[in-house]
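Structure first, commentary second.
The values are calculated or read from the model by the stated rules, or taken from the named source; none is laboratory data. Just so it is clear, the model here is predicted, and its values are computed rather than measured. In this analysis, Cβ positions are derived from the backbone assuming ideal geometry, glycine residues included, and neighbour counts consider all displayed protein chains. Ligands, DNA and RNA are excluded from the accessible area calculation, which covers all protein heavy atoms including side chains. Shrake-Rupley method; radii C 1.70, N 1.55, O 1.52, S 1.80 Å.
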Amino acid sequence: VNVGCGPAEERVLLTGLHAVADIYCENCKTTLGWKYEHAFESSQKYKEGKYIIELAHMIKDNGWD
């Protein structure tokens, strides 16, 4: 609901070539991580459709842990 998804682009990550799309906060437009759209290696296909949220972009607010 509060997360947008950018266009997919090919990137070489630690586990090989993937087509990924950045995901971002709809409110402040901060990039939060990415979504795996396509994995080019058969051993990495399980990642397709999954999301990665980078902890460094998360902000602690309202005292939650």
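The table below gives the values:
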{"read-out": "First in the stretch 11-23 and charged (D, E, K, R), second anywhere and open to solvent by 10 Å² or more (accessible area, probe 1.4 Å), Cβ under 7 Å, 6 or more apart", "value": "Asp22/Gly6; Asp22/Thr31; Asp22/Trp34"}
{"read-out": "Considering residues of the stretch 26-36 that are surrounded by fewer than 15 Cβ atoms within 10 Å (Cβ to Cβ) and under 16 Å from Leu55 (Cβ atoms) only, the residue nearest to the chain's Cα centre (by Cα)", "value": "Thr31"}
{"read-out": "Test: residue in the stretch 37-52 that is hydroxyl-bearing (Ser, Thr, Tyr), in contact with a helix residue (DSSP H, G or I) (Cβ under 7 Å, 6 or more places away or on another chain), open to solvent by 50 Å² or more (accessible area, probe 1.4 Å) and at pLDDT 90 or above", "value": "no"}
{"read-out": "Selection status of Tyr24, assigned to a strand (DSSP E or B) and touching a His at 6+ places or on another chain (Cβ under 7 Å)", "value": "no"}
